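I have placed the structure first, in the form of C-alpha cells, so that the comments after it can refer back to it.
Derivation of every value follows stated rules applied to the coordinates shown; laboratory data play no part. As the structure is a computational prediction, the values presented were derived from the model and not from experiment. Neighbour counts are summed over all protein chains in view; Cβ atoms, including those assigned to glycine, are modelled from backbone coordinates with ideal geometry.
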Amino acid sequence: MTRVAIAREQSRRVDEPTLIARVLAGDRVAGRELYDAHAPRVYRLTFRLAGDAELAQEFTQETFIRAFGQLARFRGDAAFSTWIHRIAVSVTFNGMRKVKRFREREADLTEAAPLGAMPRDADPDLRARLADAIDALPEAYRTTVVMHDMEGYTHAEIASALGVPEGTCKSRLSWARARLREALADFRDNVME
Amino acid sequence: MTDDRFDDLMRDAARSYRVPPEPAPLDAIWAEVEQAHFGAPGARTDGGTTGTPVRVLHPVGTGDRMPARGRTPWTGSAWTGGAWTGGSWMRTVAGLAAGLLLGLGIGRYSARGVAGPHAVADASRAAARVSGRTPAADRLVIARAVASSGPYTVATTEYLGQTAALLLALPEELRTGRADRQFIAQAGDLLSTTRLLIDSPASADPELHSLLSDLELVLAQIARLRATRGSAELDLITGTLEGRDVILRLRSAVADMSSSDN
C-alpha cells in the first residue's frame, strides 16, 4: 500500500470537521478524502442538470475549487454536504445560463432554428415526451424534480440547496408533476408497456 | 393517467433521463481541483494553498441583466435615430475623461489598443502548444498563471482603461456613424477580457465583480451592434449605462486601481 493510500485510509476514520481543518491546513490527502465523500453525488446532480458530460465535469470541478477556496468561511452551521450542494447548484445554474446565452447567440448569428423547437409529433415515444417535458420546466422546478424524483434528495436538502423554504420546494414539486402529467395526458397508458 | 402509472413513468425517468456515465470521471476532476487548490502534485502541503484559482467556463453571449428601465436618465441624452442628443451626457463623459487623465493616464492604454485581450489569447494559445492539455485545462492553466503571478491586477487596470476609452469614444463614434466593424470588434475583444476577469481573483471584490458584470452587458450590447442598428439597440446600451451608473463606477474603479498602482 502506498504512503498516500495509507494516509487516505487513516483519514477515512476521522470526522468531517477534522477533515476540513486538515484541508485548511493544506493537507491534500484530506482534501481528496473530502472530495471522495461528496464528488460522486455532486457530479450526478450536475450531470442531471446540465445533460452534458463535459459541462458536468466543469461544474463539479468548479464546485470543489470554490468550496476549497472558501472553506475558511464554512462555519459548520449546516452539514458540509448541504453547503457544497448549494455551491453546486449555484455553479450549475450560472454556468447553464451562460451556456444558454451563448447557444442562443450562436443560433441567432447563424439564423438557425431555435433550440428545442422540436415539433410535438416528432416525439418518438412516451419516454422522450417526458424527457422533453422535464426539459421544458422552469429551472427551479426542473431542478426540484431532478433532485427529488431522480436523485432522491429530501425536501430539506433541496430547500437548502436552492435557498427556499421547504414548503416552497414541496409546492414546486407538486406543480412540476402536474405540468408533466399534462404533457403526457394525450398518451395512451399502454404505450410503454 | 393514474397516479401509479405516472409514478412508474417517473421511476423510469430516473433510470433514463440524463443518466450520468459510469464510471464518473472523478479522478480527472480531482486532478484539476488538486492542481488548482493545492498546486502541482509534490508541492508543499503544509498549508500553502495557491489562492482562489481562476476557472473559465464557456464563452457566453449577452450579460444576464437587462438594463434598468424607468429610472431618471443619468444624462438626459438619447439616441434619436441618427444622433446623440443632450449635452449632459457629454459633460459627464468629459468629467470622466478628466478623471481618467488625472488618475491613470489613459493615453498609454489608447496607444496599446487592444493588446490586453490579444495578449491573453496569445498566452492561452502558447500554453496550449506547450502543455498539450485539453482546451478547458489550458484556460485554467492560463488563468491560474495570470492570477498567481499578479499580472491579473495589471490586466484589470489595463482593461478598465481600455473599456473607459471605448465608452468615452462611443457617443462620438455613434454620432458620426463611425462605429465601424473595428470599433465593434474591439468591444468584442474587451468582452472576452471581461469574462476572463469575472472568473479571476480580480472579481473577488464584490464591487468590481458587479462592475465587470455590468460592463459585460454593455460590451455585449455594443459588440452586437450592426451597421443597420436601430434605436432599440442603442436604448439598451444607454439604459444599461444609466441604470447601473456604469460610468461613475468605472471611474471609481479606475481611480482605485490607479492609486493602488502608485
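Neighbour counting of Cβ atoms within 10 Å sorts the residues B:S213, A:S174, B:S200, B:S192, fewest neighbours leading, into A:S174, B:S213, B:S192, B:S200.
Let me confirm one metric for peptide A:95-101, namely the mean number of other chain beta-carbon atoms within 10 Å of its residues' beta-carbons.
Details: counts 4, 2, 3, 9, 5, 3, 8.
Whole-number average of other-chain Cβ neighbours for A:95-101 is 5.
Just to verify a number: FRET efficiency for B:D12 and A:T168, C-beta to C-beta distance, R0 = 35 Å, to 0.05?
My answer for the efficiency is 0.80.
Taking every residue in B:19-29 and counting other chain Cβ atoms within 10 Å of its Cβ, the average works out to 6. Put in line by how crowded their Cβ is, counting other Cβ atoms within 10 Å and starting with the fewest, B:E34, A:E62 read B:E34, A:E62.
Each residue, A:A37 and B:A185, gets one label point 7 Å from its Cα in the Cβ direction; the gap between the two is 5.4 nm. The fewest-to-most ranking of A:Y153, B:Y159 by surrounding Cβ atoms within 10 Å reads A:Y153, B:Y159. Restriction of the trypsin sites (Lys or Arg not before Pro) in segment A:13-58 to DSSP coil positions whose beta-carbon has at most 14 other beta-carbons within 10 angstrom yields A:R13.
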